[in-house]
Amino acid sequence: MEKAMRDAFGEALLSIGKENDRLVVLDADVSSSTRSGKFGQVFPDRFFNVGVAEANMADMAAGMATCGYRPVISAFAIFLALKSTDQIRNVICYNNLPVIIAGGYAGLSDSFDGASHQSITDLAIMRSFPNLTVLALSEADDVEPVLRQALEIDGPVYIRMCRNASPVLNKKEPLTIGRAQVLRSGSHITIGACGITVPMALAAAEELEGEGVEAEVLDLGSIKPLDRETLLESVSKTGCFLSVEEHSVLGGLGSAVAEVLVKSRPVPMDFVGVDDCFTESGPYEPLMEKYGIDSKSISRKALGLTARK
Amino acid sequence: MQTVKLSNMELQAQAQRFRIDVLKTLHDKQTGHWGGSASVADILTYLYFERMNIRVEDPLWEDRDRLILSKGHASPMLYAVLEGRGFLEAGTLSSFRDLNSSIQGHPCMNKTPGVEMSTGALGHGLSVGLGMSLISRMRDNSFYTYVIVGEGCLNEGQSWEAIMAAGKFAPEKLVLLVDYNKVQLDGTAEEIMPLDPLADKFRAFNWNVPERSFDGHNMDSIEESFKWLDSQTTGPSVIIFDTVKGKGVSFMENSNAWHGAPVGDDHFEKALPELTEQLARWEKK
């Protein structure tokens, strides 16, 4: 079964909006794509379509947050991260304002639109901002619980979501901010994934089992704060780590993990992600394969990594 | 704390005292921006001592009027006014830009009581103010949001996104105040990035714009501008104040060299008497 995170996002805004009259939603002329428009149809007084002007949107939300309201800003991840970088850094994060930054169409998921619309640097940028919680959701069922958790935090939260329908994982529990979830136990290698690559990592673990490799798979969707304890416990057992993300290998999840491991428990590491290049248009799955983000690439790198132990 | 109502001449003198405080501070610290601080002194003084509905004893009162100094480099003047109004303890200004100080180089809302929004990177203020004013509208227009910009802010593309969006959403109690001194860091606005016809630009974006500009160094004129504002039944509104960068010190006026240059001993000794002599003239009236 598959479901798109954006559909879950539209539904979640609506259900939370019914309970919380301080929830306000802003979108930059992509509300039919991100599905935030569903909220706008029911709550027009609390919905602001600001046009294609992400910078202004981010700061408007900051102003609303100072008045005790809870704004969610919604647009494509690449444009939030790059067109409103200064606003997110200098206004939202510097002042620790509780704005939820909902980046849709993340990674390569706006596949046909090409490199201009594909977000492969948002995690690197967002992760470097003090006060900001950074999350990459792995399935539609994470969306509402994570939004609810984010609304409990007295500070800004960046939530990265995929455009396309993706597998429902039937995890025991949804993503919890600050916690890694062990989705599969193993003793030979730790594969830490986030976002849409989590099901790929699970598929790779199946493939690896046939090769006699027992892979432990972690959902590391809480990129910041990162669950150091679970991470270190896992690599203490497996002795190597492979990061998997729909993002550049520079500055994203792999870098976040490396920053922890190099200090506390250096082990052989490798990275699955976009290898410091621009991507292109195409159907989503073949595009991901071309840039090395699929279960086969994960398995291949995992085998290479276990040989280095 | 309730201030006694001041006459316009007393407000004029008060603003001049703030200029003197700021000049002394910038001389002591050898850092900070004189030009834009001097040009905004009278507007800030009028707002905090006459116009705004605020409670010094409760700086975060929900229905307070908001003031965003988008041209955050004029922070020393904002701090002088906040100290004069009682938001900051007496003597706070003397820690300007010091390590561990509560008053940063540019305004920081989480360190300084009375500062509504951290600014410094130019162009943010109007967007933030638009967000605040839309919340005010949801709350029965319970407060005004004033945003002060200079030319630098209006050079930033984001300001025009906000001007466009404010025209669309039309919050009744959003007020943009332009400290229009027509000098930037590198030269005159005419040389760096001409903004005229500025009033027409706002009209084209569906703002309320007075028929004329006002003298931002004359309290009677500033008072008149707010009378015009109070006659408006819709929003947003903009008031363009003709001001002089570095106002009050003859050799610093209208000069981009005094945008942010440190005030050395020679210049300080020549500048201070000019400010104090003018103050004495106003105090006598």
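The values are calculated or read from the model by the stated rules, or taken from the named source; none is laboratory data. Worth saying up front: this structure is predicted, and the values here are computed from it rather than measured. Neighbour counts are summed over all protein chains in view; Cβ atoms, including those assigned to glycine, are modelled from backbone coordinates with ideal geometry. Heads up: the accessible areas ignore ligands, DNA and RNA and are worked out on the full protein's heavy atoms, side chains in. Shrake-Rupley method; radii C 1.70, N 1.55, O 1.52, S 1.80 Å.
Evaluation of B:T92 against the conditions (1) facing chain A (nearest Cβ under 10 Å); (2) open to solvent by 10 Å² or more (accessible area, probe 1.4 Å) shows that the sole unmet condition is (1). Screening the stretch B:26-59 for residues that are within 18 Å of B:G86 (Cα to Cα) and among the polar types (S, T, N, Q) and picking the one that is surrounded by the fewest Cβ atoms within 10 Å (Cβ to Cβ) gives B:N53.
Within the stretch A:12-65, can you find the residues that are without any contact (Cβ under 8 Å) to a residue 24 or more places away in the chain, facing chain B (nearest Cβ under 9 Å) and assigned to a loop (DSSP other than H, G, I, E, B)? A:G51 - this is the single residue of the stretch A:12-65 that is without any contact (Cβ under 8 Å) to a residue 24 or more places away in the chain, facing chain B (nearest Cβ under 9 Å) and assigned to a loop (DSSP other than H, G, I, E, B).
Scanning the stretch A:81-106 for residues that are among the hydrophobic types (A, V, I, L, M, F, W, C), open to solvent by less than 10 Å² (accessible area, probe 1.4 Å) and under 23 Å from A:S138 (Cα atoms) turns up A:A81, A:V99, A:I100, A:I101, A:A102, A:A106.
Criterion first (in contact with a Ser or Thr (Cβ under 8 Å, 6 or more places away or on another chain), at pLDDT 95 or above and polar (S, T, N, Q)) does A:T230 satisfy it?
no
Can you tell me which residue is nearest to B:T31 (Cα to Cα) among those in the stretch B:110-138 that are facing chain A (nearest Cβ under 8 Å) and surrounded by fewer than 20 Cβ atoms within 10 Å (Cβ to Cβ)? The selected residue is B:G120. Whenever a residue of the stretch A:150-179 is among the acidic types (D, E), it has no partner that is part of a helix (DSSP H, G or I) and surrounded by fewer than 19 Cβ atoms within 10 Å (Cβ to Cβ) lying with C-beta atoms less than 8 angstrom away and at least six residues away or across chains. Quick one: is B:E10 closer than 20 Å to B:L279 by Cβ, open to solvent by 10 Å² or more (accessible area, probe 1.4 Å) and of a type in the set (D, E)? Yes. Picking from residues in the stretch B:164-199 that are of a type in the set (G, A, S) and away from chain A (no Cβ under 14 Å), the one that is most open to solvent (accessible area, probe 1.4 Å) is B:A199.
For the stretch B:200-214, check the following and say yes or no: at least one residue is surrounded by 21 or more Cβ atoms within 10 Å (Cβ to Cβ), among the small types (G, A, S), farther than 12 Å from B:G235 by Cα and away from chain A (no Cβ under 14 Å). No: zero hits.
Within the stretch B:170-179, the set of residues being of a type outside the set (G, A, S) and more than 17 Å from B:I68 (Cβ to Cβ) comprises B:E172 only.
Residues in the stretch B:99-109 that are more than 10 Å from chain A (Cβ to nearest Cβ), free of Cβ contacts under 8 Å to residues at least 12 places away in the same chain and either open to solvent by 20 Å² or more (accessible area, probe 1.4 Å) or not in a loop (DSSP other than H, G, I, E, B) (or both): 2 in all. Checked against the criterion of being touching a helix residue (DSSP H, G or I) at 6+ places or on another chain (Cβ under 7 Å), surrounded by fewer than 24 Cβ atoms within 10 Å (Cβ to Cβ) and small (G, A, S), the candidates A:G68, A:G40, A:G63 yield just one match: A:G40. All conditions in (1) open to solvent by 20 Å² or more (accessible area, probe 1.4 Å); (2) assigned to a strand (DSSP E or B) hold for B:E62, with the sole exception of (2). B:V149 fulfils the conditions (1) among the β-branched types (V, I, T); (2) within 11 Å of chain A (Cβ to nearest Cβ); (3) closer than 22 Å to A:S84 by Cα except for a single criterion, (2).
A count restricted to the stretch A:226-257 and to residues that are under 18 Å from the mean Cα position of the chain (by Cα) and in contact (Cβ under 8 Å) with a residue 40 or more places away in the chain stands at 17.
Run B:Q12 past the list (1) closer than 18 Å to B:V244 by Cα; (2) of a type in the set (S, T, N, Q); (3) assigned to a loop (DSSP other than H, G, I, E, B) and report the number of the one that doesn't hold. Evaluating B:Q12 over (1) closer than 18 Å to B:V244 by Cα; (2) of a type in the set (S, T, N, Q); (3) assigned to a loop (DSSP other than H, G, I, E, B) leaves (3) as the failure.
Test of understanding: among A:R228, A:R265, A:R300, which residue is of a type in the set (K, R), open to solvent by 10 Å² or more (accessible area, probe 1.4 Å) and within 16 Å of A:R127 (Cβ to Cβ)?
A:R228
Put simply, of B:K270, B:K227, B:K245, B:K284 the only residue that is of a type in the set (K, R) and touching a residue at least 40 places away in the same chain (Cβ under 8 Å) is B:K245.
Can you say whether A:L218 is at pLDDT 95 or above, crowded, with 19+ Cβ neighbours inside 10 Å and assigned to a loop (DSSP other than H, G, I, E, B), as far as the supplied structure shows? Judged against the criteria, A:L218 is not a match. Of all the criteria given as (1) of a type in the set (A, V, I, L, M); (2) open to solvent by less than 20 Å² (accessible area, probe 1.4 Å); (3) within 20 Å of A:E214 (Cα to Cα); (4) in contact with a Ser or Thr (Cβ under 8 Å, 6 or more places away or on another chain), the one not satisfied by A:L287 is (3). Taken over the stretch B:152-163, the residue count meeting the criterion of being open to solvent by 10 Å² or more (accessible area, probe 1.4 Å), more than 8 Å from chain A (Cβ to nearest Cβ) and more than 12 Å from B:F205 (Cβ to Cβ) is 3.
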